[in-house]
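Heads up, the thing below is written out as structure tokens.
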Amino acid sequence: MTNRSVIEKVSSELGEKKAQTRLSRRDWLQAAVQMLVQNGVDSVRITRLADALGVTRGSFYWHFADRSELLSALLEVWNKQNTAGIIEAASAAGGLRNRILALFETWLDPERFDPMLDLAVRDWARNDSSLEETIASADRERLDALIAMFADHGFSPEQSIIRARNFYYTQMGYYALRVREPLADRLSFVPTYYHSYTGEDLPADAERAFRQRIIARKKLWGDEPIPAEE
């Protein structure tokens with residue numbers, strides 16, 4: 001569920017031609033993101049997008065010079081949402097607890113971090129060596145933000161690196177393996193995950209507030225039943 005505001009931001013920054021067209025640049029990007037996630041980058045073709053949107057190919061060229069520009073915009077959507085989402089959470093106001101919980105919330109919220117988009121971009125890079133450095137750079141930025149988070153709260157350089165790696169690689173592996181589990185189960189593991197990353201216990205009131213925030217947003221994420229409060 002890619003955040004529409006991110007797509008709007010990328011569309012605005014890249015410039016939208018002033019023309020009375022039925023579709024906006026955002027519409028094309030939204031459709032392209034969906035096609036990338038569902039069928040891979042090879043499916044993201046101008047004619048196929050035009051057919052899906054019910055318009056002619058000519059409409060595409062009001063907003064993009066060519067397919068390459070569209071693909072570049074897709075990468076920007078991915079980076080502005082997923083990489084920026086992690087960095088923002090890792091530098092959230094407050095202490096380490098607030099930042100760890102902000103990251104947990106980001107992992108759980110597809111509007112802050114879209115795992116299917118992340119996997120689609122990584123699949124794309126497997127067959128396009130020109131993207132290898134783009135992916136590597138994003139991973140470095142994300143890890144650097146986590147390392148800095150731990151370092152800011154008194155962990156040694158080595159401890160900060162290892163804790164950041166454990167945190168990031170565990171979550172990315174969760175997505176790569178396409179683990180499926182009820183939200184109630186994931187929420188029940190939060191205190192143990194928190195302890196494993198920080199070496200501290202998560203206070204019950206902080207856990208309860210976190211659960212309430214997640215449940216309040218749950219209706220935006222799908223049809224899975226909302227877990228009952230204990």
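The values are calculated or read from the model by the stated rules, or taken from the named source; none is laboratory data. If you're wondering where the values come from, they're calculated on a predicted model, not measured in any experiment. Because the Cβ atoms are built from the backbone with ideal geometry, glycine has one as well, and the counts that use them run over all protein chains shown. For accessibility, only protein heavy atoms count, side chains too; no ligands or nucleic acids. Shrake-Rupley method; radii C 1.70, N 1.55, O 1.52, S 1.80 Å.
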query = How much solvent-accessible surface does Glu76 expose, in Å² to the nearest 10, with a 1.4 Å probe and all protein chains in place?
reply = 50 Å²
message = Please report the accessible area of Leu177 (heavy atoms, 1.4 Å probe, ligands and nucleic acids excluded) in Å², nearest 10.
response = 140 Å²
ask   = Taking all protein chains as present, what is the carbon and sulfur share of the accessible area of the chain, in % to the nearest whole number, probe 1.4 Å?
value = 50 percent
request  = Return the whole-Å distance between the Cα centroid of segment 89-127 and the Cα centroid of segment 48-69.
outcome  = 30 Å
remark   = Charge tally for neighbours of Arg140 with beta carbon under 14 Å away, counting Lys, Arg as +1 and Asp, Glu as -1, is -3
inquiry  = Let me check against my output: what whole-number percent is the relative contact order of the chain, with C-alpha pairs under 8 Å and at least 6 apart?
reply    = 18 percent
request  = Report the equivalent ellipsoid semi-axes for the chain in whole Å, largest first, defined as the square roots of five times the eigenvalues of the gyration tensor built from alpha carbon atoms.
outcome  = 35, 20, 15
query = Given only helices, namely DSSP H runs of n ≥ 4 each adding -39500 (n - 2.57), what is the per-residue ellipticity at 222 nm of the chain, to the nearest 500 deg cm²/dmol?
reply = -21000 deg cm²/dmol
request  = Sticking with the crude label model, points 7 Å out along Cα→Cβ, report the distance from Ser129 to Glu200 in nm, one decimal please.
outcome  = 4.7 nm
note = When every protein chain stays in place and a 1.4 Å probe is rolled, Ile162, Ile214, Ile147 sorted by accessible area with the largest first are Ile162, Ile147, Ile214
query = Using r as the Cβ-Cβ distance of Asn39 and Ser137, and R0 as 22 Å, what FRET efficiency do you calculate, to the nearest 0.05?
reply = 0.30
